[in-house]
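Engineer: Can you read through this structure? Questions will come right after.
The values are calculated or read from the model by the stated rules, or taken from the named source; none is laboratory data. Because the structure is a prediction, the values reported are computed rather than measured. Because the Cβ atoms are built from the backbone with ideal geometry, glycine has one as well, and the counts that use them run over all protein chains shown. Note: accessible area is taken over every heavy atom of the protein model, side chains too, but ligands, DNA and RNA are not part of it. Shrake-Rupley method; radii C 1.70, N 1.55, O 1.52, S 1.80 Å.
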Amino acid sequence: MQEILSENYYDQIIDNGIVPFYDVGTNITFLNERHSLLNIPVIQPDLCDVGINPYHRFPSIYTTQSTTSLEKSNISEVQRNPYLALYGQGILVGVIDTGVDYLHPTFCYADNSSKIMSIWDQSIQGESIPEGFTFGTEFTREEINVALQSPNPLEIVPSIDEDGHGTAMASIIVGNQDLGNSFSGVVPEAELVVVKLKQAKQNLRKLFCIPEEAMAFEESDIMLGVRYVLSVAQRCGKPVAICMGLGSSQGGHDGRGALSSYLNYIAQLSRAGVAVSAGNEGNRRRHYYGSVTEAIQYKDFELLIDSRDSEFALEIWADTPSRLAIVITAPTGETTQLIYPKIGICNRYDFVFNQTRVWVNNIIFEEETGDPLILVRFQNPMQGIWRFRVQSIERESASFHAWLPSEYLISRGTYFLESDPNTTITSPGNGIHSLTVTAYNQETDSILIGSSRGYSRIGGIKPDIAAPGYQLTCALPNGKYGSLTGTGAAAAHTAGVIAIILEWAVPRENYPSITGNNINHLIIRGAQRDKDYVYPNNIWGYGKINVSGVFERLS
């Protein structure tokens, strides 16, 4: 199916109930039990195509979530116990990310064969498409082993990790012990399945003002990657721990998005666990929270825009039954008119005294959540302080959240002047049943200041757990070692812990029907908690991950 790869088609995530109304034979890709991907023709992308087509159908854009700590989680204590000695044997680990350097010795057994069961490289188009999918190339363990013995391995398996994030994440989970580099993965005896994501389409980037050169991935491709990992696990009959080290600040931060709901579903299946990074937006000043009262029916807030940011989007979410109008004022004092909520309307404004162009969708009823959404997109914005006035139409009290893009999709020079570090967990970390992981500095026992904070927009308790995430030793491409910091690194560490529990539960036959949700509760029960804090809280969740505590509370 070329539509899924072509810039002449938009990708849209739709509910399976309406697939028959759109299916013409080649334009539908099954994602999961709830969603499918619809490809619709586009001649010239126009930002007002969001409005003509519902906002929630366009896949969100995701980015990576990270830039010796085994003792801090008491993993080594469990592994030294002769009655436990859990190293991930019989467990499959799924990493959906930037790929993997399969040539790195950390992913090879002593006989130089690979511990990677398969790689699905979405960016390479060829004849070896995985069964049940329509694009990309699958490389099997047999092919990888042949490549490892070849003087020119990339001629046989040409999949590489240009960025290194996926290699680092995978190594933290399953990497071999390397005493010379003071390194070992959490579960070095586990096997690995890898999905290398293709880059997001340019037409989707244009719609949401994502820089062309930024590394960015589509929500729908990630969902397909998750489905591939599950299919491999089912085919080989092994439990699976899925690591999600990607995140997005798009959407309602309520766990109701397509990827969030998919991971929620998986976490309730037997023999599958999911670790999700919380995000690194805690200190980047990219979230604003405001409220209006019956006495003062509007709220003003300010955004400083850096000259480096030539295009970006801003999302403002409120709760039903609020109805909000908005006015935008440039640094020159030039303003838009008062923009009221409507259905299917996109407003474009060309400012007279500068080169700024702004598109505003004031969506009265965002279909996936039912809540109001104001989507503001900038092109060539004037540098300086922009002012926004949000007004309650109903003359009632109302509150709202505003979010800027996450990670490197926008510079650190663009931020809210009165920002709020709370409610900054990135998607899919707001899902109810996924284990959402924040990061702490294992050397000082303090939370990483950049770690995103909860709760979710609708009050859900997030994050769930804190794990080591400061300068974790990891493998890097080309046989190197380095370090990884952030909640992505912490999620990788936690995925290894999930694999430990899965090994105890399934191959050791202590709890063969265990679900990801069961694993989450075991981890939460065993967490280390400081007597000076109240738990759960929006910074540490239920405490610091402690594998020894998991098994102590089962005794």
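Engineer: Could you check region 10-27 and list, in sequence order, the residues that are under 24 Å from the mean Cα position of the chain (by Cα) and either aliphatic (A, V, I, L, M) or within 22 Å of residue 124 (Cβ to Cβ) (or both)?
Structural biologist: Hits for region 10-27 are 11, 13, 14.
Engineer: Determine whether region 277-288 contains at least one residue that is closer than 23 Å to residue 31 by Cβ and out of contact with any Asp or Glu (no Cβ under 9 Å at 6 or more places or on another chain).
Structural biologist: Yes, the conditions are met somewhere in region 277-288.
Engineer: Name the single residue, out of those in region 155-184 being in a helix (DSSP H, G or I), out of contact with any helix residue (DSSP H, G or I) (no Cβ under 6 Å at 6 or more places or on another chain) and among the aliphatic types (A, V, I, L, M), that is nearest to residue 89 (Cα to Cα).
Structural biologist: 174
Engineer: Then there's this: With respect to residue 222, determine if the residue is surrounded by fewer than 20 Cβ atoms within 10 Å (Cβ to Cβ) and either within 23 Å of residue 67 (Cβ to Cβ) or at pLDDT below 95 (or both).
Structural biologist: Considered against the rule, which asks whether it is surrounded by fewer than 20 Cβ atoms within 10 Å (Cβ to Cβ) and either within 23 Å of residue 67 (Cβ to Cβ) or at pLDDT below 95 (or both), residue 222 comes out as no.
Engineer: Quick check on residue 326: is it surrounded by fewer than 17 Cβ atoms within 10 Å (Cβ to Cβ) and among the hydrophobic types (A, V, I, L, M, F, W, C)?
Structural biologist: Answer is no for this residue.
Engineer: Here is a further query. If you scan region 124-150, which residues turn out to be closer than 18 Å to residue 37 by Cβ, crowded, with 16+ Cβ neighbours inside 10 Å and polar (S, T, N, Q)?
Structural biologist: Within region 124-150, just 134 meets the criteria.
Engineer: Please specify each residue of region 294-309 satisfying the condition of being surrounded by 13 or more Cβ atoms within 10 Å (Cβ to Cβ) and either among the polar types (S, T, N, Q) or farther than 24 Å from residue 355 by Cβ (or both).
Structural biologist: Passing the criteria: 297, 298, 299, 300.
Engineer: Right, here's the next one. Return the only residue of 212, 189 being surrounded by fewer than 20 Cβ atoms within 10 Å (Cβ to Cβ), in a loop (DSSP other than H, G, I, E, B), of a type in the set (D, E, K, R) and under 20 Å from the mean Cα position of the chain (by Cα).
Structural biologist: Among 212, 189, only 212 is surrounded by fewer than 20 Cβ atoms within 10 Å (Cβ to Cβ), in a loop (DSSP other than H, G, I, E, B), of a type in the set (D, E, K, R) and under 20 Å from the mean Cα position of the chain (by Cα).
Engineer: For residue 283, indicate whether it is buried (at least 18 other Cβ atoms within 10 Å of the Cβ), at pLDDT 95 or above and either farther than 21 Å from residue 459 by Cβ or among the β-branched types (Val, Ile, Thr) (or both).
Structural biologist: no
Engineer: Can I ask one more? When you look at residue 536, is it touching a Gly at 6+ places or on another chain (Cβ under 9 Å), modelled with pLDDT of 95 or more and farther than 18 Å from residue 469 by Cβ, yes or no?
Structural biologist: yes
Engineer: Continuing with this model, one more query. Could you look through region 361-370, keep only residues that are touching a strand residue (DSSP E or B) at 6+ places or on another chain (Cβ under 8 Å) and either at pLDDT 95 or above or closer than 9 Å to residue 341 by Cα (or both), and pick out the one that is most open to solvent (accessible area, probe 1.4 Å)?
Structural biologist: So, considering only residues that are touching a strand residue (DSSP E or B) at 6+ places or on another chain (Cβ under 8 Å) and either at pLDDT 95 or above or closer than 9 Å to residue 341 by Cα (or both), the one most open to solvent (accessible area, probe 1.4 Å) is 364.
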